[in-house]
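Student: Below is one structure. I have some questions about it.
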Amino acid sequence: MNPSIIYGAGCQGIALLRLMQKQSDTANVHCFVDSHPAKQGLTVEGLPVFPPDYLISLTDKEPTVAVAVGGHYPVVRRLLERLGLEEDRHFYDATPRPLHYSDLEPNFAALRDKVRKHTLVSEDRLALLYQLSRQARQVSGDLAEIGVYRGGTALLMAEALQGSTRQLHLFDTFCGMPSSDPAIDLHRSGDFADTSAEAVSALLSDFSNVHLYPGLFPDTLPGDWSNKFFSLVHVDVDIYDSALACCQFFHPRLRPGGVMIFDDYGFPSCPGVRQAVDEYCCNHNLQVLYLQSGQALLRRC
């Protein structure tokens, strides 16, 4: 049997050993390897700790080295390659990864599959939007989405509001992107035109609390909304003018605890969105929260 070794005798390596033992009664780890001199020669969790050079004597036995060092993996990879080991053949990055939200919430997994063909939004962004929509039920005010496209994220939000009296307001031209500023934006008039108000209305026909406003935002805002407030606003507009208009109208109308989420803030294809949000935040002494998904959050405290 090929020797099974854990590189990293620290907290992450120990946690990996325990996880392997929990998942399989037959987990057979030969030893730890660690480059830290203070750990070499110790016994950790009943296993000896050897220096990296120990692996040279095992290369003909095709060892399997699980590297559990977190963000230090690139350094360890170079070290192991200098010792003659090959990535994916002899060693791999075994740093524990967080579970997907769909692993934790089966209801979301089913809903993700339901909305998939109606949206371009990735699973990680859908998961955040779903959770924020669920949380919005605890904050007074309606929900809104600007930039509906084919209705996938609107369907997600509507499903998250099931059993609630919250209203969901949807704004879009429903005939593609409006005119944009070519000096700022990369999207052009007519992009994302493969949709219609009729198709989105049919998709959401089971929800009596959903309202569509076809046309150019903010021209389609109802005239009697002077006292309207919001708990969650999802902005997926791709261009500067629309993003700025959303900030100007919705942010002052967020309830305490309310959130604006900008879907494409961090995407290089939508530079106007980031510029608009940053300008608004700078002028109002606000701090946006950027996420690695490319989304950004703007909260009302």
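Student: What's the extension gain from Asp278 to Arg78 if we count 0.36 nm per residue and subtract their Cα-Cα distance? Don't jump to the answer; show the numbers that get you there.
Tutor: On the way: separation 200, 0.36 × 200 = 72.00 nm, distance 3.95 nm.
That pair, Asp278 and Arg78, stretches by 68.0 nm at full extension.
Student: Rounded if a/c is under 1.5, else prolate if a/b beats b/c, else oblate: with a ≥ b ≥ c from the C-alpha gyration tensor eigenvalues square-rooted, which is segment 25-93? List each step's numbers first, then the result.
Tutor: Numbers: a/c = 1.40, a/b = 1.18, b/c = 1.18.
Rounded.
Student: State the three equivalent ellipsoid semi-axes of segment 195-301, derived from the C-alpha gyration tensor as the square roots of 5 times its eigenvalues, in descending order and whole Å. Mind dumping the intermediate values first?
Tutor: On the way: eigenvalues 112, 61, 37 Å².
Equivalent ellipsoid of segment 195-301: 24, 17, 14 Å, largest first.
Student: If only Cα atoms are counted, what is the Rg of segment 60-144, and what is its Dmax, in Å?
Tutor: Spelled out, the Cα radius of gyration and Dmax of segment 60-144 are 20.6, 66 Å.
Student: Once you list every other residue whose beta carbon is under 15 Å from the beta carbon of Ala199, what net charge do they have if Lys and Arg are +1 and Asp and Glu are -1? Don't jump to the answer; show the numbers that get you there.
Tutor: Numbers: positive: Lys117, Arg150; negative: Asp172, Asp194, Glu198, Asp206.
Once all neighbours under 15 Å are counted, the net charge is -2.
Student: To continue, here is another question. Would you look at the GNM of the chain, springs on alpha carbons closer than 10 Å, and say which of Ser133, Ser35, Ser164 moves the most?
Tutor: Of Ser133, Ser35, Ser164, the most mobile in the Gaussian network model is Ser35.
Student: Full-extension gain between Ser208 and Leu104, please, as 0.36 nm times their residue separation minus the C-alpha to C-alpha distance.
Tutor: Values: separation 104, 0.36 × 104 = 37.44 nm, distance 2.93 nm.
Fully extending the segment from Ser208 to Leu104 adds 34.5 nm.
Student: Another one. When you take every Cα atom in segment 140-191, what is the radius of gyration, and what is Dmax, the widest Cα pair distance, in Å?
Tutor: 14.2, 45
Student: Based solely on C-alpha atoms, express the radius of gyration and the Dmax of segment 248-295 in angstrom.
Tutor: 11.0, 32
Student: Quick check on the chain: helices-only [θ] at 222 nm, where DSSP H runs of length 4 and up contribute -39,500 (n - 2.57) each and the sum goes over total residues. Nearest 500, please. Walk me through the numbers before you get to the answer.
Tutor: Details: 9 runs with 91 residues, N = 301.
Result for the chain: -9000 deg cm²/dmol, rounded to the nearest 500.
Student: In a GNM of the chain with a 10 Å cut-off on Cα contacts, which of Asp124, Asp224, Asp103 has the highest mean-square fluctuation?
Tutor: Taking springs between Cα atoms under 10 Å, the residue moving most is Asp224.
Student: Lys/Arg Cβ at +1, Asp/Glu Cβ at -1, dipole of the chain taken about the Cα centre: which of Phe174, Leu143, Leu186 is farthest positive-ward?
Tutor: Leu143
Student: Could you list log10 I(q)/I(0) for segment 105-195 at q = 0.17, 0.19 Å⁻¹, which the Debye formula gives when each Cα is one point scatterer?
Tutor: Evaluating at q = 0.17, 0.19 Å⁻¹ gives log10 I(q)/I(0) of -0.78, -0.91.
Student: Over the alpha-carbon set of the chain, work out the extent along each principal axis and list the three values in angstrom, largest first.
Tutor: 77, 44, 37
Student: Tell me, how many Å apart are the Cα centres for segment 104-140 and for segment 66-86?
Tutor: After rounding, the separation between the Cα centres reads 37 Å.
Student: Just to confirm the number: angle between the C-alpha axis of helix 240-250 and the first principal axis of the chain, 0 to 90 degrees, nearest 10?
Tutor: It works out to around 80 degrees.
Student: Here is a follow-up. Can you classify segment 168-235 as rounded, prolate or oblate using the Cα gyration tensor, where a ≥ b ≥ c are the square roots of its eigenvalues, rounded means a/c under 1.5, and otherwise it's prolate if a/b beats b/c and oblate if not? Display every interim value, and only then the final one.
Tutor: On the way: a/c = 2.31, a/b = 1.33, b/c = 1.74.
In terms of gyration-tensor shape, oblate.
Student: Taking the Cα centre of the chain as origin and charging only Cβ (+1 Lys, Arg; -1 Asp, Glu), how large is the dipole, in debye to the nearest 20?
Tutor: 860
Student: Which one, Met20, Met177, Met260, has the greatest fluctuation when you compute a Gaussian network model over the chain with C-alpha springs under 10 angstrom?
Tutor: Looking only at Met20, Met177, Met260, the largest GNM fluctuation is found for Met20.
Student: Determine the sum of side-chain charges near Val65: Lys and Arg each +1, Asp and Glu each -1, restricted to other residues whose C-beta is under 13 angstrom from that of Val65. Intermediate results must be reported in sequence, preceding the final value.
Tutor: Numbers: positive: Lys61, Arg77, Arg89; negative: Asp34, Glu62, Glu81, Glu86, Glu87, Asp88, Asp93.
With Lys, Arg at +1 and Asp, Glu at -1, the neighbours total -4.
Student: Same structure, new question: Tell me the net charge near Phe171. Cut-off is 11 Å between Cβ atoms, Phe171 excluded, with +1 for each Lys or Arg and -1 for each Asp or Glu.
Tutor: Working: positive: none; negative: Glu145, Asp172, Asp219, Asp236.
Summing Lys and Arg as +1 and Asp and Glu as -1 gives -4.
Values in this text are rule-based calculations from the coordinates and carry no lab data. Model, not experiment: these values are computed from the prediction. With ideal geometry, Cβ positions are generated from the backbone for all residues, glycine too; neighbour counts draw on all protein chains shown.
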